[in-house]
Amino acid sequence: MDEVRSLLSLRALILNDNEIVSICRLDQLKELNTLVLSRNPINKLGESLVKVKSITKLSLSDCQLQAIDSLMSCTELKELRLAHNDIKQMQLLLST
């Protein structure tokens, strides 16, 4: 996924059904509003979305996520899909 970091005007990134195991930092993609990575063997978000404030739709269904803890800066998030994961820990997602 490192190659997508240079696509600065990208608004939607849909990469379902690939063998993506980790997400690179996407903080340079200031216009990214849709990120769909369902059905990939991703087990953690890490700091990939720490500064991505423009995301409105995030789908990580059918991955291998075990914890959700790095979405606090996604203040525009309207739709979050996390079905069929192994989530055991979930911290505050959005600040109020």
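The values are calculated or read from the model by the stated rules, or taken from the named source; none is laboratory data. As the structure is a prediction and not an experimental result, all values here were calculated from the model. Note that each Cβ is placed from the backbone with ideal geometry, even for glycine, and that neighbours are counted across all protein chains shown.
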Practice task
Restrict the check to segment 80-96 and report whether at least one residue is under 18 Å from LEU29 (Cα atoms) and buried (at least 17 other Cβ atoms within 10 Å of the Cβ).
Solution key: no
Handout entry: Unique match (being touching a Gly at 6+ places or on another chain (Cβ under 9 Å) and within 17 Å of LYS57 (Cβ to Cβ)) among ILE14, ILE23
Key = ILE23
Problem - The one condition in (1) surrounded by 14 or more Cβ atoms within 10 Å (Cβ to Cβ); (2) closer than 18 Å to VAL4 by Cβ; (3) under 13 Å from the mean Cα position of the chain (by Cα) that SER73 fails to fulfil - result: (2)
Exercise for the section: Can you give me the number of residues within segment 1-15 that are under 13 Å from the mean Cα position of the chain (by Cα), assigned to a loop (DSSP other than H, G, I, E, B) and under 18 Å from GLU79 (Cβ atoms)? Expected result: 1
Problem - Of all residues making up segment 37-60, the number that are closer than 15 Å to ALA83 by Cβ and surrounded by fewer than 17 Cβ atoms within 10 Å (Cβ to Cβ) - result: 1
Practice task
Could you please give the count of residues in segment 3-27 that are farther than 18 Å from LEU45 by Cβ and either surrounded by fewer than 10 Cβ atoms within 10 Å (Cβ to Cβ) or in contact with a His (Cβ under 9 Å, 6 or more places away or on another chain) (or both)?
Solution key: 3
Fill in the blank from the handout: Per the list (1) in contact with a Gly (Cβ under 8 Å, 6 or more places away or on another chain); (2) modelled with pLDDT of 85 or more, residue check on SER70 breaks on (2)
